[in-house]
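Shown next, in structure tokens, is the structure this report addresses.
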Amino acid sequence: MERELIKNLLARQPVGEQVTVAGWVKTRRDASGFSFLEIGDGSSVRGLQVIAESTLANYQDEIKKMSTGCSVIVNGELRESPAKGQSVELLANRIELVGWADPAHYPLQKKRHSFEFLREITHLRPRTNALAAVARVRSHLSMAVHRFFQERQFTFIHTPIITTSDCEGAGELFQVITEQSAQTAPREQARDFFGRPAGLTVSGQLQAEVYASALGSVYTFGPTFRAENSNTSRHLAEFWMLEPEMAFCDLACAVELARELLVFLIESNLETCGEDLELFDRFVEKGLLAKLGKLASADFVRITYTEAIEELAKSGRSFEFPHEWGMDLQSEHERFLVEEVFQAPLIVTDYPATLKPFYMRLNDDGVTVAAMDVLIGGIGEIIGGSQREERYEVLLQRMEQGGIDIESLQWYLDLRRYGTVPHAGFGLGFERLMQCVTGMANIREVIGFPRAPGFAPC
Ligand code: 4AD
Ligand code: MG
């Protein structure tokens, strides 16, 4: 008999039909003459209650020994449930035990566990309601990303994971060498495989610019890597970034797309993942649904970096870090502006050139660049982007000033020699978006297998 997902059964409620479900036991409770088993299959926050009568052949030997975590296949008749809190239940004809989970060792109990504890059992945490909901929201959001860009006729491109250029120029690359070379050659000779130093990508932007310079509007969406020693609740060493890049587009056009994208993703998640978001609203961040609703209809405030510095100065507030023109905005500054001054998502543009990477377009003032950061409450920076420098001479000068290796990026300069166009793009940190949507305080909860300094279990 064909198996059905619990989610679909609960939606369809085919009372009187024979159905089969497969999943893991959440709880077992014995009554006289029968037992209740709650089965979850990961398709929904809610499980399905199964009634196992003592007349079943394996009742004494197996069913009465089933504990949290066992895997089972259950066949039976769906019927209306007399119990409160559920509309249907499954009266089992047959319960096949597929795999035991020894209760003496299975680390997940019926009670709620802390997220810190669950991180130590990365391989089992998707069995919990919260982490399963995270996985479903992640899946829906990923598809929503594609829907958004496909509807706008962007081309999805695959940029390389192994790269020979440090896009952000911050020296946060993980080097890629062969095992053999690591063991035998000194590190500076580690040009073994590619003939030049190579690393894991920190951003697909430079390669996305190649395709935008041929196909117009493109996006890349995949894992990126940063060897920054940031042990914070907002940083990962491996995270997913979504990077659109558009030819014939300036900063204002990128700003508008960023706003539309965020609103679309939040709205589509509210539409498709209501049950999961309700769970987060109840157990992770109280008021999450109201916050997301507000965010989806919010007016995004747009200010320049210079105005942001002025706001901080006139606030009279004392901060841990200084906030003078030319200094980077720290997260305490960003959060103050977003959460207290403007109380709305904030797009900060036109940062000092000295604070930003070489590729950003120099403004006419000669000291700021056409950069944008999108900041939101509780998270801080969720998007970083810019208009790109499309003028060959200006770019060359910026690269020279920044000590960038011109030779290895000649191909990038070439794009400005042959049919250059104004173009712009940005990077959305997918896990930061996930934090916003789920209310998870720590970024390690919104990715299946988090990697951070000193942390890479399974
Ligand atoms: O601001 P960033 O460094 O921008 C870029 O890499 C550009 N090349 C993107 C582009 O224009 N195509 O990173 C973009 C976003 C940040 O705003 C943040 O949301 C996220 O990526 N991010 C991280 N997320 C998790 N862990 C980290 N270590 C992150 N570093 C950046
Ligand atoms: Mg940034």
>> Please give the charge dipole size of segment 1-156, origin at the Cα centre, charges +1 on K and R Cβ atoms and -1 on D and E Cβ atoms. Round to the nearest 20 debye.
In response: 700 debye
> For segment 363-422, which chymotrypsin sites (Phe, Trp or Tyr not before Pro) are in a loop by DSSP, counting at most 13 other Cβ atoms within 10 Å?
Replying inline: 418
> Could you give the length gained on full extension between residue 250 and residue 67, defined as 0.36 nm per residue of separation minus the Cα-Cα distance, in nm?
Replying inline: 59.9 nm
> Using a 1.4 Å probe, how large is the accessible area of residue 294, given in Å² and rounded to the nearest 10?
Replying inline: 150 Å²
> Against the longest principal axis of the chain, how steep is helix 305-315, in degrees 0 to 90 to the nearest 10, with axes from Cα atoms?
Replying inline: 70 degrees
>> Give me the extension gain from residue 318 to residue 306: residue separation times 0.36 nm, minus the current Cα-Cα distance, reported in nm with one decimal.
In response: 2.5 nm
>> What is the angle, in °, between the Cα long axis of helix 392-401 and the longest principal axis of the Cα atoms in the chain? Nearest 10 is fine, range 0 to 90.
In response: 80 degrees
> Distance from the Cα centre of segment 290-366 to that of segment 256-282, in angstrom?
Replying inline: 24 Å
> Picking from 10, 288, 359, whose Cα lies most toward the positive end of the charge dipole for the chain (charges on Cβ: Lys, Arg +1; Asp, Glu -1)?
Replying inline: 10
> By the gyration tensor of its Cα atoms, with a ≥ b ≥ c the square roots of the eigenvalues, what is the shape of segment 36-81: rounded for a/c under 1.5, prolate for a/b over b/c, or oblate?
Replying inline: oblate
>> What does the charge count around residue 298 come to, taking other residues whose C-beta lies under 11 Å from its C-beta (Lys +1, Arg +1, Asp -1, Glu -1)?
In response: +2
> Of the listed peptides 320-326, 208-214, 153-159, 174-180, what is their order by residue-averaged count of other C-beta atoms within 10 Å, with the highest listed first?
Replying inline: 208-214, 153-159, 174-180, 320-326
> Once the piece of chain linking residue 178 and residue 158 is laid out straight, how much longer is it, given 0.36 nm per residue of separation minus the C-alpha distance between them?
Replying inline: 4.9 nm
> With charges set only on the Cβ (+1 for Lys and Arg, -1 for Asp and Glu), what does the dipole of the chain come to about its Cα centre, in debye to the nearest 20?
Replying inline: 1560 debye
>> For the pairs 65/111; 7/294; 286/314; 26/84; 110/286; 26/64, flag any whose C-alpha to C-alpha distance is greater than 25 Å.
In response: 7/294; 286/314
>> Tell me the per residue accessible area of segment 285-421 using a 1.4 Å probe; a whole number in Å² is fine.
In response: 47 Å²
> Rounded if a/c is under 1.5, else prolate if a/b is larger than b/c, else oblate: which is the chain, with a ≥ b ≥ c the root eigenvalues of its Cα gyration tensor?
Replying inline: prolate
>> Counting only other residues whose beta carbon sits under 13 Å from that of residue 236, what net charge do I get with K and R as +1, D and E as -1?
In response: +1
> Tell me, how many Å apart are the Cα centres for segment 91-153 and for segment 436-458?
Replying inline: 14 Å
> Helix 205-215 versus the longest principal axis of the chain: what is the Cα-based angle in degrees, 0 to 90, to the nearest 10?
Replying inline: 80 degrees
> Per the 1.4 Å probe, what fraction of the accessible area of segment 205-254, in percent, lies on carbon and sulfur atoms?
Replying inline: 54 percent
>> In whole percent, and with a 1.4 Å probe on the protein chains, what portion of the accessible area of segment 405-458 is carbon and sulfur?
In response: 59 percent
> So, by mean Cβ neighbours within 10 angstrom, what's the order for 76-83, 436-443, 305-312 with the highest one leading?
Replying inline: 436-443, 305-312, 76-83
> To the nearest 20 debye, what charge dipole does segment 304-415 have about its Cα centre, counting +1 at the Cβ of each Lys and Arg and -1 at the Cβ of each Asp and Glu?
Replying inline: 120 debye
>> Relative contact order for the chain: what percent, with Cα pairs under 8 Å and sequence separation of 6 or more?
In response: 13 percent
>> Give me the percent relative contact order of segment 1-135, please, defined on Cα pairs under 8 angstrom at least 6 residues apart.
In response: 23 percent
> Among residues other than residue 220 whose Cβ falls under 11 Å from its Cβ, what is the net charge (Lys/Arg +1, Asp/Glu -1)?
Replying inline: -3
> Within segment 83-144, which trypsin sites (Lys or Arg not before Pro) sit in a loop by DSSP and count at most 13 neighbouring Cβ atoms inside 10 Å?
Replying inline: 84, 110, 111, 112
>> Let me make sure I get this right: for segment 301-458, a, b and c are the square roots of the gyration tensor eigenvalues over alpha carbons, sorted descending. Under 1.5 in a/c it's rounded, otherwise prolate if a/b > b/c, else oblate. Which is it?
In response: oblate
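The values are calculated or read from the model by the stated rules, or taken from the named source; none is laboratory data. Just so it is clear, the structure is predicted and the values come from calculations on it, not from any experiment. Virtual Cβ from ideal backbone geometry, glycine too; neighbours counted across all protein chains shown. Surface areas here come from the heavy atoms of the whole protein model, side chains and all, with no ligands, DNA or RNA. Shrake-Rupley method; radii C 1.70, N 1.55, O 1.52, S 1.80 Å.
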